[in-house]
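*Asks:* Once you've had a glance at the structure underneath, I'll fire off some questions.
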Amino acid sequence: MQLHLLGRALVRAAAPTALALAALCGLSSPSRAQIHFSIDYRGVTIGVPATFLGVPITAGDILAPATPPTFLPAYGPLPPPTIVISGGFGPPGPGLGILTWPVCLGVPPAIPCPVELDALSYGTDFKVTPGFLPAGTYVFSVDACSTGIAASPLPGNVTTEGLPLGDAAGDIFEDLGLPPGPLPPVAVPDGNAGIVDGNGLVSPSGHVYPGVGIVEPSFPGAGPTGDNIDALDFDTPFPPPGFGVFFSLDAAFVNPCTGVPNTGSAMANGFLPGMVLLTAGPGGPPIPYAFPPMLGLDLAGPPGSDDLDALALAENGFPGFQPSMIPYDWVPAGGPDMLLFSVRRGSAVVGMPDSIFGIPIEPGDILTTPKPIAMGGVSPFPGIFIAAEWLGLTTMRSGAALPADLDALDTRFPPQTGVPYCFGTAAACPCGNGGAPGQGCASTANASGALLTGTGLASVAADSVMLLGSSMPAGKLSLYFQGTARLGGGFGIALNDGLNCAGGGGAIRLGSKTTSAVGTSFYPDPGLGQLPVSVRGMIPAVGATRHYTIWYRDPPSICGAGTIVNFSNGFSMVWTP
């Protein structure tokens, strides 16, 4: 608990309702972007009064962390979320206009009231492009039955947080960087990293990242449990921009995870669970935007047999839905809409051959609209754009009896965490031991030299930064340093076998970690009691620019002078408040 007492994102005292809402509605700048989400009807936060409003939370409401003044994820303990868009007619104002919302207001958890929101987008998600995409382009959640097939080199992922711990369903994860899709299954999965937690507290696995104020753990079953993030839009300015609110509602068929029927919120409101709906103005009414057959759904069974469970949408601005025919035809201006999605476990389309590869569709796959048979498509069903294995999720293809379910999805262009500098060129390195472009000086163990990168948000109030080292000797000590200056004018100072890139009068040794069997390490590791970078580095609340490097042991010396120390490249970060 000391970790959180030292954090910069502790919850402030609740403001009066009017002031809180005024602050919430003032967050209109993209630099103050929020995370919006909904939760499954079985979660124990259903029926709890929303912070600031006092209105019972339903499974149809769009929520945000109740952490003024930023309303961004923070370290716990945290109050319950606040409602930013009602599932019905308010408060905090006219919302999505779901007709059944009033009868579900105040219904306790695990009572299947037909209001559940299943997927969410504002139509302004990042258009995925055909080049290599950096880590964090895809952010997603999973359900309570999901497990991972790969423990990534980063702390906190579906493997470490999933069953038997039960913390994965309340978390948000990101990919680790992917080549351009479509991507069929791979034998060696890529994995994922946790970036947003449910409650913001240290999980039983020892990992911690900022949370949104919901309850963990969450386990499969019919009764009340912890909360499950069921719909998601990441980095959302508020009021949301664009074209309205796009969403889907829930199916009525039995969920193989819980063994009980889903809430049936779609059909109870006159829609199908495979539809994408649009509420164009406050208070509704919601109208169909994309019908199931346009997405390759409800073709393997009767209407209502498929449930669209996650949604990332880049609307092109033309009225109505123009489906993509082939991947990336959405990139040019005037092209069709980009609509990526997943289907809930139990959908009839699961196991059907996809239209791009002809392989069985899984509930963990990121899907795209069908590739027409006239253009080389091999089935009328959705196409697999990113196979679940690339996200580190279990599938029947990988031998799982109950595969992972991608429960919410968004695409974003990740903010640049930092800028690398101070590279190990042959001219600069002590004995001509130049490394690969963009990395440190070559070591005895690795001719490429060590690489320091970073992920996460460099914000003092919502620090999710992870410093990542690779291409170092296996099983050796690595030390992470923060400096106030770029040494050598940004080119580094030759020292031992490498270039020391970061220093100055306020230099701080952040922490150490033994490298893995493949020469990687990271900071911070909460399992070792390591504090967030902003806390250990004593970053001022107003923000600051700081510089980072890794010092590591590398016996025997590559330069032959008896030294056994080398360095990574440098990495500069501009910390915001």
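The values are calculated or read from the model by the stated rules, or taken from the named source; none is laboratory data. The shown structure was predicted, so the numbers you read here are calculated from the model rather than taken from an experiment. So basically every Cβ, Gly included, is an ideal-geometry build from the backbone, and we count neighbours across all protein chains shown. Note: areas computed on protein heavy atoms with side chains; ligands, DNA, RNA excluded. Shrake-Rupley method; radii C 1.70, N 1.55, O 1.52, S 1.80 Å.
*Asks:* So for region 84-92 (the condition being surrounded by fewer than 19 Cβ atoms within 10 Å (Cβ to Cβ) and among the hydrophobic types (A, V, I, L, M, F, W, C)), does at least one residue qualify?
*Replies:* yes
*Asks:* Another one. Looking at (1) without any contact (Cβ under 8 Å) to a residue 12 or more places away in the chain; (2) under 30 Å from the mean Cα position of the chain (by Cα), can you tell me which one G432 breaks?
*Replies:* It fails just one condition, (2).
*Asks:* May I pose another question? Kindly establish whether G543 is of a type outside the set (S, T, N, Q) and either touching a helix residue (DSSP H, G or I) at 6+ places or on another chain (Cβ under 8 Å) or open to solvent by 10 Å² or more (accessible area, probe 1.4 Å) (or both).
*Replies:* Judged against the criteria, G543 is a match.
Results for (1) modelled with pLDDT under 95; (2) open to solvent by 10 Å² or more (accessible area, probe 1.4 Å), shown as yes or no for each residue.
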{"residue": "I366", "(1), (2)": "no, no"}
{"residue": "P372", "(1), (2)": "no, yes"}
{"residue": "V378", "(1), (2)": "no, yes"}
{"residue": "A388", "(1), (2)": "no, no"}
{"residue": "G399", "(1), (2)": "yes, yes"}
{"residue": "L402", "(1), (2)": "yes, yes"}
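*Asks:* Sticking with this one: Do you know which residues across region 562-574 are part of a loop (DSSP other than H, G, I, E, B), open to solvent by 20 Å² or more (accessible area, probe 1.4 Å) and touching a residue at least 12 places away in the same chain (Cβ under 8 Å)?
*Replies:* Passing the criteria: T563, I564.
*Asks:* Further question: Pick from P273, P293, P282, P286: which is farther than 13 Å from L96 by Cβ and open to solvent by 10 Å² or more (accessible area, probe 1.4 Å)?
*Replies:* So the residue among P273, P293, P282, P286 that is farther than 13 Å from L96 by Cβ and open to solvent by 10 Å² or more (accessible area, probe 1.4 Å) is P293.
*Asks:* So, in region 87-104, how many residues would count as being under 17 Å from S248 (Cβ atoms) and part of a loop (DSSP other than H, G, I, E, B)?
*Replies:* Within region 87-104, residues that are under 17 Å from S248 (Cβ atoms) and part of a loop (DSSP other than H, G, I, E, B) number 8.
*Asks:* When you scan region 164-175, do you find a residue that is open to solvent by 40 Å² or more (accessible area, probe 1.4 Å) and either in contact with a helix residue (DSSP H, G or I) (Cβ under 7 Å, 6 or more places away or on another chain) or without any contact (Cβ under 8 Å) to a residue 40 or more places away in the chain (or both), even just one?
*Replies:* yes
*Asks:* All but one of (1) within 23 Å of the chain's Cα centre (by Cα); (2) touching a residue at least 24 places away in the same chain (Cβ under 8 Å) hold for T444; which doesn't?
*Replies:* Condition not satisfied by T444: (1).
*Asks:* Conditions first: (1) within 30 Å of C559 (Cβ to Cβ); (2) open to solvent by 40 Å² or more (accessible area, probe 1.4 Å); (3) at pLDDT 95 or above. R486 passes all but one, so which condition is the exception?
*Replies:* Among (1) within 30 Å of C559 (Cβ to Cβ); (2) open to solvent by 40 Å² or more (accessible area, probe 1.4 Å); (3) at pLDDT 95 or above, R486 violates only (3).
*Asks:* Can we say A231 is within 27 Å of the chain's Cα centre (by Cα), open to solvent by less than 30 Å² (accessible area, probe 1.4 Å), closer than 18 Å to C113 by Cα and modelled with pLDDT of 95 or more?
*Replies:* yes
*Asks:* Within region 457-483, which residues are open to solvent by 10 Å² or more (accessible area, probe 1.4 Å), among the hydrophobic types (A, V, I, L, M, F, W, C) and outside any loop (DSSP other than H, G, I, E, B)?
*Replies:* Correct list: M466, L468, L477, L479, F481.
*Asks:* Go over the candidates G60, G76 one by one and state the one that is crowded, with 24+ Cβ neighbours inside 10 Å and touching a Phe, Trp or Tyr at 6+ places or on another chain (Cβ under 7 Å).
*Replies:* After ruling out the rest, the residue left standing is G60.
*Asks:* With respect to I356, is the statement that it is farther than 24 Å from L277 by Cα and either modelled with pLDDT of 95 or more or not in a loop (DSSP other than H, G, I, E, B) (or both) true?
*Replies:* Spelling it out, I356 is indeed farther than 24 Å from L277 by Cα and either modelled with pLDDT of 95 or more or not in a loop (DSSP other than H, G, I, E, B) (or both).
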